[in-house]
Amino acid sequence: MEVFSPEDLLQTPPIFSSSEIAEMENIFRDIGKDSLNQEFYQDLATSFSSSTCRIGKPSITWQQVKSWFQDKLNNSQDSTDASVSRKMHETAIVLKGGTAAELQELAFEAKSSRDNAWYDVSTFLSYRVLSNGEHEARVRFSGFGNSHDEWVNVRTGVRERSVPLDPSECHKVKVGDLVLCFQERPDYAVYVDAHIMEIQRRLHDIKGCRCIYVVRFDDDKTEEKVQLTKICWRPK
């Protein structure tokens with residue numbers, strides 16, 4: 001079998017017929033990138049080369065098929081990344097309830113798979129689309145180095161940042177609300193999701209809000225009484 005170097009492929013780009021391109025386009029839409037291996041390329045190249053449409057024309061090599069799919073995959077990923085980034089920006093504008101000019105003021109938090117806690121996002125580093133169609137963003141958490149970067153599901157693990165409340169804003173918290181609550185345990189202390197189960201309203205004093213909130217943590221279903229200082233309100 002003739003072996004081509006990368007330089008050879010650049011100098012002699014593959015030439016496909018319109019029907020072959022159409023077939024590869026259909027294949028690309030129907031299969032995941034994990035199916036793109038050498039055996040797949042060889043089988044498709046053999047199919048093209050043995051076709052009656054190829055009589056009198058040069059045979060197609062598996063390297064040429066591979067080159068076409070790699071270019072298609074790269075172009076598709078670039079387009080998807082831009083689309084995901086744009087979608088996140090549009091979502092942010094909707095969540096903010098304002099205009100694109102306000103977008104720069106919007107902050108996000110992301111859920112870490114290490115401890116199921118939420119941390120402020122410093123930067124969105126890149127984006128990708130999984131074979132199931134789900135979007136993921138690689139995030140850098142505020143206050144952490146690159147060794148803590150994670151791929152996070154955009155739909156379930158990225159959201160507008162939760163907001164600490166002033167004592168005068170305690171009325172915003174209602175029974176049944178999802179909140180971000182500070183959870184302290186002997187070996188860790190993190191912010192995790194919780195629901196408000198009960199509120200004991202009390203008069204404020206010089207120290208601020210004295211109300212007591214009974215929360216149920218979503219991860220372990222335990223309940224705890226906390227004050228407003230441990231709660232961050234979820235933007236509606």
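The values are calculated or read from the model by the stated rules, or taken from the named source; none is laboratory data. Just so you know, these numbers come straight off a predicted model, no measurement behind them. Every residue, glycine as well, gets a Cβ built from its backbone with ideal geometry; the counts of neighbours run over all protein chains shown. We work out accessible area using only protein heavy atoms, side chains counted, and drop any ligands, DNA or RNA first. Shrake-Rupley method; radii C 1.70, N 1.55, O 1.52, S 1.80 Å.
Points to keep in mind about this one:
- Carbon/sulfur fraction of accessible area - segment 97-236, other protein chains in place, 1.4 Å, %: 50
- Solvent exposure of segment 111-213, expressed per residue, is 57 Å² of accessible area, with all protein chains present and a 1.4 angstrom probe.
- Distance violations [Cα-Cα > 21 Å] among Lys111/Lys172; Lys111/Lys236; Lys111/Lys225; Lys111/Lys174: Lys111/Lys172; Lys111/Lys225; Lys111/Lys174
- Low-density loop positions, trypsin sites (Lys or Arg not before Pro), segment 107-190 - DSSP coil, at most 11 other Cβ in 10 Å: Arg114, Lys174
- Note on His171 and Ser51: the model spin-label points, each 7 Å out from Cα along the C-beta direction, lie 7.1 nm apart.
- Distance in nm between pseudo-label sites at Leu203 and Arg155 (7 Å out along the Cβ direction from Cα): 5.1
- Spacing of the two label points (7 Å from each Cα toward its C-beta) at Asn146 and His195, in nm: 4.2
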